[in-house]
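Only one structure is covered here, and it is reproduced in the block below.
The values are calculated or read from the model by the stated rules, or taken from the named source; none is laboratory data. All values reported here derive from a predicted model rather than from experimental measurement. Positions of Cβ are backbone-derived with ideal geometry, glycine not excepted, and every protein chain shown enters the neighbour counts.
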Amino acid sequence: MAGNGSRVTKRSLNACTRCRRQKIKCSGTQPCDGCNKRKLTCIFDDRDQKILVTRGYIDELHQKIASLQQNVEHIDPSPLSPDYAEDRSPDLKHDSPQLSRSSAHDHEESQQLHQELEDPASGLTNPLSTGPPAFMSADNGRTFYLGTSSNWSFARRVLSLTHEHIYQEALPTGALTFDGATYDLGWDGLRRSHSMAETPSVPTFDHAMYLINVVKFRCGQLYHLFDENEFMANLHDFYSEPKPNAATGLWYVHFLLILAFGKGFVKHKVQGNRPPGADYFVKALEMLPDVIVLHEAPIESTEVMCCIALYLQALDCRSSAHNYIGQAMRMAMAEGMHTQMPIEYLGENMVQRCRKIWWTVYILDREMTSLMGLPQTLNDDQINTLLPSFPGSPQRTAAIGMHIRLSRIIAEINGSVYAIDGRINRNFLVRTKSALANIASLADELRRAFPLQMDRDISGVSRISAYLHLLYHQCIVLATRPLLFCFLKIRFESPANCIEVLNTSRTVRNLIQMSMDSAQQIICILHSLQNEGLLETFLSFDLESIFVSTVVLLMGPAIDIRWTYPIWLEKAYAIFEEIIESGNLLAKFRRSELHLLDELLSCFPQEHPRCLSAPVSFPNNVLNSSSQVSLANSFPPSGQANSADAAVQTQLEHDILSDRGSGVGVPALDDQELGFTNRLTAEQIMAVADSIESIDTEWMSNAMIEHSIW
């Protein structure tokens, strides 16, 4: 019997899914008190509720089921034969073992992962793709969409967030650069016939050969821009004429584009804001036939479209570049380049050329779409062409295969972590876990097949290996940096509690530290390329890498002062300086934006180091399946860190990157010094991914709600 003043509360006859799963009391209302307080969707599952029906009603249901089963037996259950299904979906398995992983097995594992961690009640979203779409206007009145996964958009969002918090007003855009505003081609956009256009002054044969060879070295290992046999034959015919300048046709347009690239690679001084090679590029566009005519020579036309898109991307004309590569994609698909083109009907040379073209278009489309922050438009299930073969150079085929797999991971991150409204299966961290698992599957293979030879005495760093490793680490940053944005907002909203909130979940802190570590690895790779004279200063991909890593390293200390890497930032700005000195105007604007972000973040007061925990390191001997050790266990308890740790870390960075008295500048560093051999291995990445549990998504969701992040 209840005591005086107390009453027996009647248990609710029904409980919502969340309360039942957590075995807590539910008010039974719709929504219940617990879900209403946490602003979560309250779901009642009535399947377990007992009801009373007659036996006749049950018999009628059995009769209807039997009737439906009889009708189904007359329907052919397999309209597509197994042979047909096998023929149409080889997934590159015949020519590319590294791309032949069973898609069905991957899909099954992915589905199992989502089922294990699915939390319908979790309200956690990606702040970069949550709510209404974001836009920013330039001084000229033109409005630009801030794509969800765009590196440019991410930096602008961080800048805007920081400026609004410091000054309580919107970020002025007068000093910022926007799409297509860095360079001036000096062209009104009108196409002219060859008779109306001025005859371009082409270089001598020897000079042209030099420029073409530069393009082959700078681009040929990554992209297919022209067929060497056909292109060079036309080149010799062109210069054999008494007046080589009097040329027309699509090949001549193609030739001008290659010359524009060559000038971009070798010319390190610009006049005003006109890019190198602009004369050739503009003439090529003026003489470019309409798409109706281009379809009469679709193979070379697709190569021409790729050249135009890549050159425009280098000028930061991202929207135009994305449009041209989209045209190339559709032209290639119209010719069936995405299919298994029959060699016996089309010939070996044509099929191999089409495969090279297709995968160049595919890779550029995936990467440019991600850089725009837009949805991918082509499903990989619709592609079954094979990899091209390079007689005597199997490494080139392997490089294309690895490049494709990295581009697919970029597309997956773009479509899941940065999905519309920031939620797929309403669970952000689950998708991050899935993306990291796919990234981890490439880690050891990438390191083994494309090692980074940092010791200059052996062979020096390989440009193609460096590019693949840079792309790999950008995948990690792309998948994890939304958490940085989340905690920067927490830091601004609740500075006194940010570190306490961050230390509550070691898993989330590990993910952020992984982003920091990849940012440092990117700087290390670019630093080695800089020492070898291989830093790419015209194409934008090295610039994207250094920009991505620097933004992350600037955000770190604003969240937790122990994430401070002054030596790495110093080297990052040195890389920016070299790219700028080579005539890249875009790098100058990007660096000024980073300086602005650095100044804004420095205005925000930092906590004393004694209140913070030390950043995680990646030991060489942790993370094995038998011991079930995760990276979370490498965190010391909160409060054990001290300022001496920061001094040790700074000294270590100084020892790694400082001049050791060679007298010839900063020397190249080997794998062991930079940590490429033992840091961020597949086991370590998987340990972080596997540490993500449903409790982390619940904790993160509550943290977002409690600190009013949205």
### Query
Looking at the stretch 342-354, is at least one residue under 30 Å from Gly189 (Cα atoms), surrounded by 18 or more Cβ atoms within 10 Å (Cβ to Cβ) and either outside the structural domain of Trp152 (by TED's automatic domain parsing) or touching a Cys at 6+ places or on another chain (Cβ under 8 Å) (or both)?
no
### Query
Do we find a residue being among the small types (Gly, Ala, Ser), within 28 Å of Lys489 (Cα to Cα), over 23 Å from the mean Cα position of the chain (by Cα) and crowded, with 22+ Cβ neighbours inside 10 Å anywhere in the stretch 561-577?
no
### Message
I'd like to verify a number: residues in the stretch 332-354 that are closer than 13 Å to Glu303 by Cβ and free of Cβ contacts under 8 Å to residues at least 40 places away in the same chain, how many?
### Response
2
### Message
Scan the stretch 564-575 and tell me whether some residue there is of a type in the set (Val, Ile, Thr), under 29 Å from Phe265 (Cβ atoms) and not assigned by TED's automatic domain parsing to the domain that holds Ala309.
### Response
yes
### Query
Tell me, which helices (runs of 4 or more DSSP H) wholly within the stretch 479-572 include 3 or more residues that are among the polar types (S, T, N, Q)?
506-532, 541-559
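This table checks each residue for (1) within 30 Å of the chain's Cα centre (by Cα); (2) farther than 20 Å from Met337 by Cα; (3) modelled with pLDDT of 95 or more.
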residue: Arg218; (1), (2), (3): yes, yes, no
residue: Ser240; (1), (2), (3): no, yes, no
residue: Thr248; (1), (2), (3): no, yes, no
residue: Gly272; (1), (2), (3): no, yes, no
residue: Asp279; (1), (2), (3): no, yes, no
residue: Glu286; (1), (2), (3): no, yes, no
residue: Ile292; (1), (2), (3): no, no, no
residue: Glu296; (1), (2), (3): no, no, no
### Task
Please verify whether the stretch 380-394 includes one or more residues that are within 24 Å of the chain's Cα centre (by Cα), part of a helix (DSSP H, G or I), among the acidic types (Asp, Glu) and closer than 18 Å to Ala309 by Cβ.
no
### Message
Taking the condition of being farther than 24 Å from Tyr565 by Cα, surrounded by 19 or more Cβ atoms within 10 Å (Cβ to Cβ) and of a type in the set (A, V, I, L, M), how many residues in the stretch 523-544 meet it?
### Response
1
#### Entry: Candidate set from the stretch 420-452 (those that are in a loop (DSSP other than H, G, I, E, B) and surrounded by 19 or more Cβ atoms within 10 Å (Cβ to Cβ)); member that is modelled with the highest pLDDT
Phe450
### Query
If the Cβ limit is 7 Å and pairs must be 6+ apart or interchain, which residue in the stretch 146-167 that is not assigned by TED's automatic domain parsing to the domain that holds Ile559 pairs with which residue that is in a helix (DSSP H, G or I) and surrounded by 20 or more Cβ atoms within 10 Å (Cβ to Cβ)?
none
### Task
Tell me, yes or no, whether the stretch 356-367 has at least one residue that is of a type in the set (S, T, N, Q) and either closer than 15 Å to Glu303 by Cα or modelled with pLDDT of 95 or more (or both).
yes
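Go through the residues of the stretch 332-352 one by one and say whether even a single one is under 18 Å from Leu471 (Cβ atoms), at pLDDT below 95 and in a helix (DSSP H, G or I).
Keep residues of the stretch 332-352 that are under 18 Å from Leu471 (Cβ atoms), which gives none.
No, every residue in the stretch 332-352 fails to be under 18 Å from Leu471 (Cβ atoms), at pLDDT below 95 and in a helix (DSSP H, G or I).
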### Task
Determine whether the stretch 404-412 contains at least one residue that is outside the structural domain of Phe485 (by TED's automatic domain parsing), farther than 30 Å from Phe135 by Cα, part of a helix (DSSP H, G or I) and modelled with pLDDT of 85 or more.
yes
